[in-house]
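*Asks:* Got a structure for you, written out below as structure tokens; questions coming shortly.
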Amino acid sequence: MIKIPFRIGHGYDVHALGEGLKLWLGGVMVPHSKGCIAHSDGDVAIHALCDAMLGALALGDIGQHFPDTSDEFKGMDSKILLRRVNDMVAAKGYHVANADITIAAQKPRLAGYIPEMREALAGILRVDVSQVSVKATTTEHLGFTGREEGIAVWASVLLSAV
């Protein structure tokens, strides 16, 4: 791998919502009647962030490293996956300079949980909370997110060489 000072990655993930499941977003359990249907705990925000970090270093995607066909990852806390990805990034001589995450969900309202998400993610990434941005938006009742069938997340990350 060519060592360049900065590398940018982008991640995107979607999970369908199902009744009676826990909703994990950005490392925080958010009270809601629905949660993400997934092999792991379904934290779609962390999954998008992992993809952005892996993509920045051309290391593939989250499914390549943590396949949903493996019993090892069934029900796994996505914070563990993010720690592992962060360790992979560090092993290549990089660290997160900043991350920017946008969550699209009609419900629940997420504004009150964003500070806790930023703290949780910054702790896992071993960076200052000012280096992690989390934003939430609705889709004005349009599309699958607007119909509350799922949640979509976009993540961008800038990695800096150590």
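The values are calculated or read from the model by the stated rules, or taken from the named source; none is laboratory data. Please read these numbers as outputs of a predicted model, since none were measured by experiment. Ideal geometry is used to build each Cβ from the backbone, glycine not excepted, and the neighbour counts take in all protein chains shown. Just the protein is used for accessible areas: all its heavy atoms, side chains included, with ligands, DNA and RNA removed. Shrake-Rupley method; radii C 1.70, N 1.55, O 1.52, S 1.80 Å.
*Asks:* Based on the alpha-carbon gyration tensor of the range 45-84 and its eigenvalue square roots a ≥ b ≥ c, which shape applies: rounded if a/c is under 1.5, prolate if not and a/b is larger than b/c, or oblate?
*Replies:* oblate
*Asks:* Among the aspartates and glutamates, select those whose C-alpha is under 12 Å from the C-alpha of K79, and discard any that sit fewer than 8 residues away in the same chain.
*Replies:* Straight-distance partners of K79: D41, D43.
*Asks:* While we're looking at this one, here's another question. Any chance you could give the angle, 0 to 90 degrees and rounded to 10, that helix 114-125 forms with the longest Cα principal axis of the chain?
*Replies:* With rounding to tens, the tilt is 30 degrees.
*Asks:* Taking only protein heavy atoms into account and a 1.4 Å probe, give the accessible area per residue of the range 65-118 in Å².
*Replies:* I get 50 Å² per residue for the range 65-118.
*Asks:* So what does W24 come to for accessible area, using a 1.4 Å probe and Å² rounded to 10?
*Replies:* 70
*Asks:* Does the chain come out rounded, prolate or oblate by the C-alpha gyration tensor, with a ≥ b ≥ c the root eigenvalues, rounded set by a/c under 1.5 and, if not, prolate when a/b is larger than b/c and oblate if not?
*Replies:* Taking the square roots of the gyration eigenvalues as a ≥ b ≥ c, the chain is prolate.
*Asks:* While we're looking at this one, here's another question. In the range 16-61, carbon and sulfur make up what percent of the accessible area (probe 1.4 Å)?
*Replies:* 59
*Asks:* Sort 81-89, 68-76 by the packing proxy (mean of other Cβ within 10 Å over each peptide's residues), most packed first.
*Replies:* 81-89, 68-76
*Asks:* Sort 99-108, 142-151 for me by packing, meaning the mean count of neighbouring Cβ atoms within 10 Å per residue, highest on top.
*Replies:* 99-108, 142-151
*Asks:* Listed highest first by mean packing, meaning other Cβ atoms within 10 Å per residue, what order do 40-50, 112-122 come in?
*Replies:* 40-50, 112-122
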